[in-house]
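As structure tokens, the structure follows; a few thoughts come after it.
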Amino acid sequence: MLTTYNYPKFEYRTPPEIASGKTLKVPVVVVGAGPVGLGAALDLEQQGVPVLLLDEDDTVSIGSRGVCYAKRALEILDRYGVGDAVCSKGVSWNVGRTFFREQEVYNFNLVPEPDHHRPGMVNLQQYYLEEYLATRAASRPDIDLRWKNKVVSVAQTGKTVTLKVETGDGVYTVETDWLIAADGARSPIRRMLGLDIEGKIFMDRFLIADVVMKADFPAERWFWFDPPFHPGQSVLLHKQADSVFRIDFQLGWDADPEEAKKPENVLPRIKAMLGDEREFELEWVSVYTFQCRRMGSFNHGRVLFVGDAAHQVSPFGARGANSGLQDADNLGWKLKLVMDGKAPEKLLDSYSEERIFAADENLVNSTRSTDFITPKSKVSRTFRNAVLGLAKDHAFGRALVNSGRLSVPAFLTTSSLNTPDCAGDTFAGRMLPGAPMDDAPVLDNGDESWLLSKLGHQFFALYFTDDPGALDAATVAALSDLSVGGIAVQPLVISRKPGTVGGGIRHLEDPRGIAAQRYDAQLGTVYLLRPDQHVAARWRNLDAQKIKAAVAKATCNA
Amino acid sequence: MALNLNPNFSEAGKRYFNAYSPGDDFYEMLINTHRDLSDEQSELLNARLILLLANHIGDIGTLREALNVAREGV
């Protein structure tokens with residue numbers, strides 16, 4: 001049925017262990033080559049960790065699934081080397097229209113805040129994202145990517161996880177120090193280990209249709225509450241790449257999925273929605289239900305759960321793959337430090353704590369959207385419709401309309417890895433300890449670039465000043481000294497004026513002062529930044545001892 | 001006191017990182033307060049709630065404006 005995309009078929013190769021009969025011993029295995037597993041493998045590989053990546057299939061995600069990739073995920077994908085591919089193929093949209101019954105209630109224009117590299121979101125079919133990530137992973141010599149390799153058993157003894165892997169040519173054994181389970185909502189690894197995931201299934205069904213529009217149709221998000229062509233339910237229309245539009249029809253729990261999927265039932269719905277004269281071709285139809293649930297802990301000994309294997313949310317807000325990529329980002333650097341013996345295994349508890357905090361935020365927000373879109377009682381429907389009626393004329397009503405709150409990264413303000421601000425150091429703005437870093441335009445050796453592209457995969461001390469050439473020798477020495485030690489902190493000076501810093505310290509220019517403004521920086525302000533681009537600590541004055549103490553705290557070495 | 005028709009929810013001591021959060025916090029509380037009530041009970045709850053809030057606002061001019069806005073859309 002799909003005409004705009006050809007699924008790649010990745011080559012299966014007979015694993016050498018089949019012939020040799022030897023057990024393969026590796027430091028880390030990732031199971032599942034979806035967006036999150038591929039992301040986790042690329043994250044570790046970039047830090048110099050060889051990764052065995054196993055997937056039971058030999059192609060990308062089939063059909064219409066994930067659509068919307070939000071700013072934070074795009075910034076992470078930049079670090080994984082596919083941000084440009086995703087953004088250039090993906091569709092950006094700013095205008096959203098909300099309809100209630102026959103009328104447009106209001107529209108909004110999400111003009112992106114200027115001076116960020118990446119937009120708030122791009123829409124792209126999940127198979128493209130996976131193809132880009134898989135191609136990237138296949139090009140990395142330290143990623144051993146094995147398609148059609150299915151894990152059929154998993155056992156954990158002491159510090160070793162043992163897997164039996166089934167292929168068309170037979171079964172072999174893998175022993176690994178660490179296992180990352182990125183094997184999706186039904187996670188066989190989770191099931192084989194007998195671990196629970198708790199939550200609830202939502203009593204609703206949604207029909208997904210991907211259609212190719214023959215004529216121009218605006219790149220806008222249209223959301224209907226109770227439209228005349230689909231009474232009592234909601235409908236969402238989104239543009240993806242290749243002029244493929246994704247339509248989600250809410251069906252209600254009582255709908256028969258097999259009936260609903262039949263073209264003779266789907267086509268009239270779409271015609272009624274688009275108007276009869278508009279030509280389109282149907283590419284994909286499926287019916288889905290969803291669950292909202294998460295595991296009690298995302299780490300179990302040497303097994304670490306990421307993405308849908310660990311947590312699932314309703315699709316409203318695009319909080320699935322977006323949060324899964326943030327799991328990979330949060331886990332990668334911590335696992336690397338633990339593997340290198342530079343941090344205790346306890347650091348991985350913070351992976352679970354921080355990502356559970358984020359998962360709960362995602363669950364709350366997506367559940368609220370679901371409850372607004374699908375009222376569960378008469379009074380709830382009355383309030384919902386009252387909000388929609390008020391939204392037409394009143395700003396407060398528009399703020400209450402909840403057709404999905406787009407994925408944004410969690411502010412990990414309660415994390416035990418943070419060092420709170422010192423008494424007397426006051427900061428405005430939102431870059432407090434635990435915050436995901438804001439981007440800003442910078443000059444690097446005179447070339448236009450972005451702050452976030454200069455950071456990541458290790459700790460950074462970002463030191464703000466005005467004239468880099470005027471830094472005194474003691475400051476330069478203190479900054480240089482940070483890069484020495486068990487856990488190196490890379491010093492990076494950012495200044496309003498051009499110039500160079502002594503001691504070979506890297507330097508960025510902030511000619512318009514946007515970085516300084518976003519970080520509420522003054523002369524001598526210093527931020528300690530985690531490898532995953534969250535703020536760990538900040539001070540008004542440079543004090544190397546305080547930075548070292550904060551690094552120790554952020555790595556469970558305190 | 002003119003009727004405020006702009007977003008106006010917040011909770012003392014709570015820091016918000018997304019503009020929609022305080023309104024969503026309130027809306028969830030509102031719907032949860034109705035949980036497990038019959039339609040008739042919900043109607044009574046709404047009436048009690050309006051009376052409580054009206055008394056808290058107190059200013060008859062503001063209330064008149066709110067009553068008019070509410071009535072216009074029905």
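The values are calculated or read from the model by the stated rules, or taken from the named source; none is laboratory data. Keep in mind the model is a prediction, meaning the values are calculated, not measured. Here the Cβ is made from the backbone with ideal geometry for all residues, glycine too, and neighbour counts use every protein chain on show.
Can you tell me which of A:LEU54, A:LEU42 is within 22 Å of A:LYS164 (Cα to Cα), in the same structural domain as A:THR167 (by TED's automatic domain parsing) and among the aliphatic types (A, V, I, L, M)?
A:LEU54
Here is a list of conditions, (1) surrounded by 20 or more Cβ atoms within 10 Å (Cβ to Cβ); (2) under 30 Å from A:ALA488 (Cα atoms), and A:ASP349 meets all of them except one; can you say which number that is?
Among (1) surrounded by 20 or more Cβ atoms within 10 Å (Cβ to Cβ); (2) under 30 Å from A:ALA488 (Cα atoms), A:ASP349 violates only (1).
If only one of A:GLU113, A:GLU104 is of a type in the set (Asp, Glu), in a strand (DSSP E or B), surrounded by fewer than 22 Cβ atoms within 10 Å (Cβ to Cβ) and free of Cβ contacts under 8 Å to residues at least 24 places away in the same chain, which one is it?
On the way: A:GLU113 fails: in a strand (DSSP E or B).
Residue meeting the stated conditions: A:GLU104.
What do you reckon, is A:ILE487 under 28 Å from A:GLU354 (Cβ atoms), surrounded by fewer than 23 Cβ atoms within 10 Å (Cβ to Cβ) and among the β-branched types (Val, Ile, Thr)?
On the way: under 28 Å from A:GLU354 (Cβ atoms): yes; surrounded by fewer than 23 Cβ atoms within 10 Å (Cβ to Cβ): yes; among the β-branched types (Val, Ile, Thr): yes.
Yes; evaluated as a whole, the condition is true for this residue.
Quick grid of which residues meet (1) within 20 Å of A:GLY404 (Cα to Cα); (2) facing another protein chain (nearest Cβ under 8 Å):
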position	(1), (2)
B:LEU5	no, yes
B:GLU11	no, no
B:TYR20	yes, yes
B:ASP25	yes, no
B:GLU28	yes, yes
B:LEU49	no, no
B:ILE60	no, no
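Yes or no: region A:367-375 includes at least one residue that is out of contact with any helix residue (DSSP H, G or I) (no Cβ under 8 Å at 6 or more places or on another chain), free of Cβ contacts under 8 Å to residues at least 60 places away in the same chain and either farther than 27 Å from A:LEU251 by Cβ or within 14 Å of another protein chain (Cβ to nearest Cβ) (or both).
Yes - at least one qualifying residue is present in region A:367-375.
Of everything in region B:5-23 that's without any contact (Cβ under 8 Å) to a residue 40 or more places away in the chain and under 12 Å from the mean Cα position of the chain (by Cα), which residue is surrounded by the most Cβ atoms within 10 Å (Cβ to Cβ)?
The initial filter retains those residues of region B:5-23 that are without any contact (Cβ under 8 Å) to a residue 40 or more places away in the chain, namely B:6-23.
Checking which are under 12 Å from the mean Cα position of the chain (by Cα) leaves us with B:7-9, B:23.
Working: B:PRO7: 17, B:ASN8: 12, B:PHE9: 16, B:GLY23: 22.
Going through the qualifying residues, I end up with B:GLY23.
Over 18 Å from A:LEU163 (Cβ atoms) and modelled with pLDDT of 95 or more - does that describe any residue in region A:14-22?
Start the filter on region A:14-22 by keeping residues that are over 18 Å from A:LEU163 (Cβ atoms), which leaves A:19.
If we keep only those that are modelled with pLDDT of 95 or more as well, we get A:19.
Yes: region A:14-22 contains one or more residues that are over 18 Å from A:LEU163 (Cβ atoms) and modelled with pLDDT of 95 or more.
Quick check on A:LEU74: is it surrounded by 15 or more Cβ atoms within 10 Å (Cβ to Cβ), under 20 Å from A:THR59 (Cα atoms) and not assigned by TED's automatic domain parsing to the domain that holds A:LEU451? Even if it seems obvious, please write down each step before you answer.
Working: surrounded by 15 or more Cβ atoms within 10 Å (Cβ to Cβ): yes; under 20 Å from A:THR59 (Cα atoms): no; not assigned by TED's automatic domain parsing to the domain that holds A:LEU451: yes.
Answer is no for this residue.
Out of region A:296-307, which residues are over 13 Å from A:ALA358 (Cα atoms) and either crowded, with 24+ Cβ neighbours inside 10 Å or in contact with a Leu (Cβ under 7 Å, 6 or more places away or on another chain) (or both)?
Within region A:296-307, A:ASN299, A:HIS300, A:ARG302, A:VAL303, A:LEU304, A:PHE305 qualify.
Select from region A:8-63 the residues that are among the β-branched types (Val, Ile, Thr), over 21 Å from A:LEU124 (Cα atoms) and crowded, with 18+ Cβ neighbours inside 10 Å and list them in ascending order.
Of all residues in region A:8-63, those among the β-branched types (Val, Ile, Thr) come to A:14, A:18, A:23, A:26, A:28-31, A:36, A:49, A:51, A:59-60, A:62.
When the remaining residues are screened for being over 21 Å from A:LEU124 (Cα atoms), the result is A:14, A:18, A:23, A:26, A:28-31, A:49, A:51.
Result: A:VAL28, A:VAL29, A:VAL30, A:VAL31, A:VAL49, A:VAL51.
Can you list the strands (runs of 3 or more DSSP E) lying wholly within region A:141-187 that have 2 or more residues being surrounded by 14 or more Cβ atoms within 10 Å (Cβ to Cβ) and of a type in the set (Val, Ile, Thr)? Break it down into steps so the answer makes sense when it comes.
Details: elements: A:143-146, A:150-157, A:160-167, A:170-181.
Of the strands (runs of 3 or more DSSP E) lying wholly inside region A:141-187, those with at least 2 residues that are surrounded by 14 or more Cβ atoms within 10 Å (Cβ to Cβ) and of a type in the set (Val, Ile, Thr) span A:150-157, A:160-167, A:170-181.
Go through region A:373-385 and give me each residue that's at pLDDT 95 or above and either among the aromatic types (Phe, Trp, Tyr) or within 12 Å of A:SER403 (Cα to Cα) (or both).
Passing the criteria: A:PHE383, A:ARG384.
Could you grab me the full set of residues in region A:271-286 that are buried (at least 18 other Cβ atoms within 10 Å of the Cβ) and at pLDDT 90 or above? Write out each step before concluding.
We begin by selecting, within region A:271-286, every residue buried (at least 18 other Cβ atoms within 10 Å of the Cβ); these are A:273-274, A:280, A:283-285.
If the condition is that a residue be buried (at least 18 other Cβ atoms within 10 Å of the Cβ) and at pLDDT 90 or above, then A:PHE280, A:GLU283, A:TRP284, A:VAL285 are the ones that fit.
For region A:407-431, which positions are surrounded by fewer than 18 Cβ atoms within 10 Å (Cβ to Cβ) and within 11 Å of chain B (Cβ to nearest Cβ)?
A:THR413, A:ARG430
Restricting to region A:434-463, and then to whatever is over 20 Å from the mean Cα position of the chain (by Cα) and closer than 16 Å to A:VAL551 by Cα, can you tell me which residue is nearest to the other protein chains (Cβ to nearest Cβ)?
A:LEU462
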